[in-house]
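Here the structure comes first, spelled out in structure tokens, and everything after it is commentary.
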Amino acid sequence: MNETTLQSRHYTRWQASGIHLLISAGIAAIALYVLLRVWYPPPFFTGEGGNDLLFILIAVDVVLGPLITLIIFKSGKPSLRFDLTVIGLVQVSALVYGLHVMFLARPVYVVLALDQFETVRANDLEDADIAQAPNPLFRSLPLSGPVVVAVDLPKDMQKLKDIIGETQQSGKTVTVLPKYYVPYAQQAQQAAAQGQPLAPAIKRGGVFATLAQAWLEKAGRKADGLSFIPLQMRRGMGAVLIDSKRGGIVTMLPPTP
């Protein structure tokens with residue numbers, strides 16, 4: 001919308017701010033869809049701290065921009081086009097920066113290592129380590145949400161000692177070394193053996209029991225036949241619910257408050 005149109009229609013500052021708000025909210029809704037459904041599907045948005053950026057997104061791109069428009073807008077003002085352009089550029093810059101940060105910090109893998117899952121983010125992995133992955137599936141980072149994998153450690157004690165020495169020297173854990181990744185299906189039975197029965201955990205009570213029971217009621221499931229394995233996330237310890245016999249992933253629960 002150019003300056004002549006703005007002047008000819010004689011918008012009030014409230015009307016201009018309202019239009020700005022609608023445009024900003026529409027753009028923010030698209031960004032939120034990408035964040036909540038693609039990069040940070042439940043429970044990763046809360047478990048990985050995505051709600052922190054959500055506050056910035058709303059404050060800068062949905063509230064602050066239209067508010068500034070409300071303050072500075074005056075129909076017929078000579079510098080109106082320049083002022084609105086600056087506001088738009090600031091909003092776009094803030095949105096692009098925020099999305100870039102979230103993209104770099106997005107969870108790309110949920111890695112099972114022995115008796116615990118761990119979230120691995122894009123910026124946890126180094127290009128050199130990614131290139132060493134023997135499986136081509138792990139030589140590029142997922143773009144459409146985190147992938148569940150497992151660490152395949154050798155049974156030979158000497159090889160295992162070599163890996164321990166390697167991680168101690170590099171300061172990296174095996175969960176950020178894709179050369180040890182295998183598809184989760186290959187370790188599902190081992191996961192079933194490591195899982196803790198869900199029903200007794202619910203009977204013991206506590207915050208985790210409340211979260212698990214709430215999910216069971218929503219999903220129409222029973223605790224019998226389900227186990228859980230802890231899931232280490234940025235904001236605390238969540239859980240992965242699995243089938244007790246086959247180890248298949250049923251759902252993931254966010255960290256308990």
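Quick notes on this one:
- The set of residues in segment 106-123 that are over 18 Å from the mean Cα position of the chain (by Cα) and hydrophobic (A, V, I, L, M, F, W, C) comprises Ala113, Leu114.
- Hits in segment 32-60 (condition: among the aromatic types (Phe, Trp, Tyr), touching a helix residue (DSSP H, G or I) at 6+ places or on another chain (Cβ under 8 Å) and either more than 19 Å from Gly238 (Cβ to Cβ) or outside any loop (DSSP other than H, G, I, E, B) (or both)): Trp39, Phe44, Phe45
- Tally, over segment 172-182, of residues that are outside any helix (DSSP H, G or I) and closer than 16 Å to Leu114 by Cα: 4
- Of all the listed residues (Val148, Val101), the sole one being among the β-branched types (Val, Ile, Thr) and either touching a helix residue (DSSP H, G or I) at 6+ places or on another chain (Cβ under 6 Å) or assigned to a loop (DSSP other than H, G, I, E, B) (or both) is Val148.
- Residues in segment 19-32 that are in contact with a Ser or Thr (Cβ under 9 Å, 6 or more places away or on another chain) and farther than 14 Å from Ile58 by Cβ: 2 in all.
- Filter result (part of a loop (DSSP other than H, G, I, E, B) and at pLDDT 90 or above) within segment 151-171: Asp152
- Hits in segment 155-185 (condition: within 22 Å of the chain's Cα centre (by Cα) and aliphatic (A, V, I, L, M)): Val174, Val176, Leu177, Val182
- Residue satisfying all of: in segment 154-184; of a type outside the set (Ser, Thr, Tyr) and either touching a residue at least 40 places away in the same chain (Cβ under 8 Å) or assigned by TED's automatic domain parsing to the domain that holds Ile249 (or both); farthest from Tyr109 (Cα to Cα) among these: Lys172
- Flag set for Ile164, criterion: exposed (fewer than 15 other Cβ atoms within 10 Å of the Cβ) and over 30 Å from Leu67 (Cα atoms).
- Residue list for segment 55-74, filter: in contact (Cβ under 8 Å) with a residue 40 or more places away in the chain, over 25 Å from the mean Cα position of the chain (by Cα) and surrounded by 16 or more Cβ atoms within 10 Å (Cβ to Cβ): Gly65, Pro66, Thr69, Leu70, Phe73
- Screening segment 6-25 for residues that are of a type in the set (Gly, Ala, Ser) and farther than 14 Å from Gly88 by Cα and picking the one that is modelled with the highest pLDDT gives Gly18.
- Selection count, segment 222-257, where residues are more than 23 Å from the chain's Cα centre (by Cα) and either acidic (Asp, Glu) or surrounded by 16 or more Cβ atoms within 10 Å (Cβ to Cβ) (or both): 7
- Leu143 meets each of the listed conditions (1) in a loop (DSSP other than H, G, I, E, B); (2) of a type in the set (A, V, I, L, M); (3) over 25 Å from the mean Cα position of the chain (by Cα) apart from (3).
- Val207 vs. criteria surrounded by fewer than 20 Cβ atoms within 10 Å (Cβ to Cβ), of a type in the set (A, V, I, L, M) and modelled with pLDDT of 95 or more: no
- Those residues of segment 99-112 which are surrounded by 18 or more Cβ atoms within 10 Å (Cβ to Cβ) and touching a residue at least 60 places away in the same chain (Cβ under 8 Å), in sequence order: Met102, Arg106, Pro107, Tyr109, Val110, Val111, Leu112
The values are calculated or read from the model by the stated rules, or taken from the named source; none is laboratory data. The shown structure was predicted, so the numbers you read here are calculated from the model rather than taken from an experiment. All Cβ positions, even for glycine, are placed from backbone atoms using ideal geometry, and neighbour counts span all protein chains on display.
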